[in-house]
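Written out below as structure tokens is the structure these notes cover.
The values are calculated or read from the model by the stated rules, or taken from the named source; none is laboratory data. Note that the structure is a prediction, hence the values are computed from the model and not measured. Reconstructed Cβ throughout: ideal geometry from the backbone, glycine too, with neighbour counts over all protein chains shown.
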Amino acid sequence: MAMQSFDAAAAPMHAAKPLLDRNPIRAQRLIGSTIVQRPDLCEAYFNLGLAFHQQGRLPAAIRSYRRALTCCADCQLEGLVARSARRNLAQDLLLHGAFREGWALYEERLDRQNHDFFHNLFGRPWQGIWDERPLSRLLLVAEQGLGDTLMFCRLGIQLQIDLNVPVTLFCQKPLVALLQQGTALDTVTASVNHDPSHDASVRWCPLMSVPLRVHLQPSTLTRQAPYLTLPTNAIQRWQKLLGRNPEKQLIALHWQGNPRHEGSLYSQGRSIPFSELQALGTLSGVEFVSIQKGAGSEQLRLDGPLRFVEGQAAVSASMDFIDTAAVLANCDLLISADSGVVHLAGALGLPAWVALRHVPEWRWGLHGERSPWYPSLRLFRQPSHGDWNSVMEALLNAWQQKVLP
């Protein structure tokens, strides 16, 4: 969210606010004129950071957020601006590949009130391998989206080996069965009971804080994908339900992420309108299956140029993550926007082509077709803000190169 001030010198900055998304260059110039008049205005540097971020100019965005933080001491909005600046600075450092500082600043996301239960029950969070307190079990507490849980549960699997203690993952209910059956984690649960007689040597840690605790660098990941497996009977069941044409390749489609996680400039625009995917209807020798569930599923059109598999109705009716994973295991490829489904495919080691907005979330970096997090993924990036047409063309060209001699 852009920060606001209420004085005449800040008027250009206010005018820039609605431009940050669609015209960040113009926004940058307007904010710059405010800074000329008010070089001490911390929120102007914060908004300048947003403008540079939207252009993909990460070093400039990082400098702007740092300047905002240095100006905060004399600003009446110090707390709000400083907290937001640290959070955005952390994400841009991670996006830029400065992981050590980025993980440390990423702790700014934490709100003690959100974890009061765990603080009260288990005390201070686990501090990493140098934490000298006795440790009989480590409880990792998932946060944010389903994709974050799928992405970082691998760290719990590795910690279970490195620490030689059982690891419990407290996570979102839709993922419990999938991760309990499909990973080596000792326990996966969506509920933790307050038991006064609990073992005092149980420690806890927010899942997204584990990278800081283990000094994670994606280029040196110990546990590469796949780290998630599926029951054979689930895969076989969906092989029958799908009723796919054995003479055609099957492509899964997913276009909409969780709208609740797309409220800021840093995540807006990552979903693709279903209408953009209609361009894939020109592909020959393929059929499609939609694995879109919940928000966005209302966009699905079965009477358009895309030819859907016979069992599409059964897929649409299921809201189970194991079912979705089993459907993916029966497909030749997933084409998806940035969403939890991408992390599901990556964790399973299944091939997926990911359509990314011009400036994506931090985990995907700014450049390249490959991701160190998931070797089975290929990334297709917007060349400019909102340009899904170019992404669709790149996907079509890649498919033709894949299937043609």
Criterion (among the hydrophobic types (A, V, I, L, M, F, W, C), modelled with pLDDT of 95 or more and assigned by TED's automatic domain parsing to the domain that holds PHE117) met by exactly one of VAL214, VAL165, VAL202
VAL165
GLN217: passes all of (1) touching a helix residue (DSSP H, G or I) at 6+ places or on another chain (Cβ under 8 Å); (2) surrounded by 16 or more Cβ atoms within 10 Å (Cβ to Cβ) but (2)
In this structure, does VAL391 turn out to be part of a helix (DSSP H, G or I) and touching a helix residue (DSSP H, G or I) at 6+ places or on another chain (Cβ under 6 Å)?
no
So which residues in the stretch 335-386 are closer than 21 Å to LEU94 by Cβ and among the polar types (S, T, N, Q), if there are any at all?
SER339, SER371, GLN382
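Mind counting the residues in the stretch 258-284 that are among the polar types (S, T, N, Q) and farther than 30 Å from ASN47 by Cα? Give the derivation first.
Initial filter on the stretch 258-284 (among the polar types (S, T, N, Q)): 258, 264, 267-268, 271, 275, 278, 282, 284.
Those left that are additionally farther than 30 Å from ASN47 by Cα: 275, 278, 282, 284.
Total satisfying the criteria: 4.
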Which listed residue, of SER219, SER209, SER201, is small (Gly, Ala, Ser) and more than 22 Å from the chain's Cα centre (by Cα)
SER201
Residue that is modelled with the lowest pLDDT [pool: residues in the stretch 3-37 that are surrounded by fewer than 19 Cβ atoms within 10 Å (Cβ to Cβ), in a loop (DSSP other than H, G, I, E, B) and of a type outside the set (Asp, Glu)]:
GLN4
Go through (1) more than 18 Å from VAL210 (Cβ to Cβ); (2) in a loop (DSSP other than H, G, I, E, B) one by one and return the number of the condition LEU89 breaks.
(2)
Return the pairs, sorted by first residue and then second, in which the second residue is acidic (Asp, Glu) and surrounded by fewer than 24 Cβ atoms within 10 Å (Cβ to Cβ), the first residue lies in the stretch 323-334 and is in the same structural domain as GLY349 (by TED's automatic domain parsing), the beta carbons are less than 7 Å apart, and the residues are 6+ apart or on different chains.
none
Any residue at all in the stretch 255-270 that is at pLDDT 95 or above and touching a helix residue (DSSP H, G or I) at 6+ places or on another chain (Cβ under 7 Å)?
yes
What residue, of GLY269, GLY257, is touching a Lys or Arg at 6+ places or on another chain (Cβ under 9 Å) and either closer than 21 Å to CYS331 by Cα or part of a helix (DSSP H, G or I) (or both)?
GLY257
Boolean, SER284 is over 28 Å from the mean Cα position of the chain (by Cα) and not hydrophobic (A, V, I, L, M, F, W, C):
yes
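Hey, can you tell me all the residues within the stretch 382-402 that are in contact with a Ser or Thr (Cβ under 9 Å, 6 or more places away or on another chain) and either surrounded by 19 or more Cβ atoms within 10 Å (Cβ to Cβ) or closer than 20 Å to VAL286 by Cα (or both)? I'd like the intermediate steps shown before the answer.
Just the residues of the stretch 382-402 that are in contact with a Ser or Thr (Cβ under 9 Å, 6 or more places away or on another chain), to begin with: 382-384, 390, 396.
Result: GLN382, LEU396.
Only one of ASP387, ASP332 is out of contact with any Gly (no Cβ under 9 Å at 6 or more places or on another chain), more than 27 Å from ARG22 (Cβ to Cβ) and at pLDDT 95 or above; which?
Step by step, each of ASP387, ASP332 is checked, and only ASP332 is out of contact with any Gly (no Cβ under 9 Å at 6 or more places or on another chain), more than 27 Å from ARG22 (Cβ to Cβ) and at pLDDT 95 or above.
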Quick one: which strands (runs of 3 or more DSSP E) sit completely within the stretch 92-196 and have at least 3 residues that are touching a Pro at 6+ places or on another chain (Cβ under 8 Å) and of a type outside the set (Val, Ile, Thr)?
137-141
Single match in LEU306, LEU277 (criterion: in the same structural domain as PHE321 (by TED's automatic domain parsing), in a helix (DSSP H, G or I), surrounded by 14 or more Cβ atoms within 10 Å (Cβ to Cβ) and of a type outside the set (Ser, Thr, Tyr))
LEU277
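Out of VAL354, VAL359, which single residue is at pLDDT 95 or above, assigned to a loop (DSSP other than H, G, I, E, B) and buried (at least 17 other Cβ atoms within 10 Å of the Cβ)? Outline the logic, then answer.
Details: VAL354 fails: assigned to a loop (DSSP other than H, G, I, E, B).
When all the criteria are applied, what remains is VAL359.
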Output the residue which, of all residues in the stretch 288-303 that are among the hydrophobic types (A, V, I, L, M, F, W, C) and closer than 21 Å to ASN245 by Cβ, is surrounded by the most Cβ atoms within 10 Å (Cβ to Cβ).
VAL289
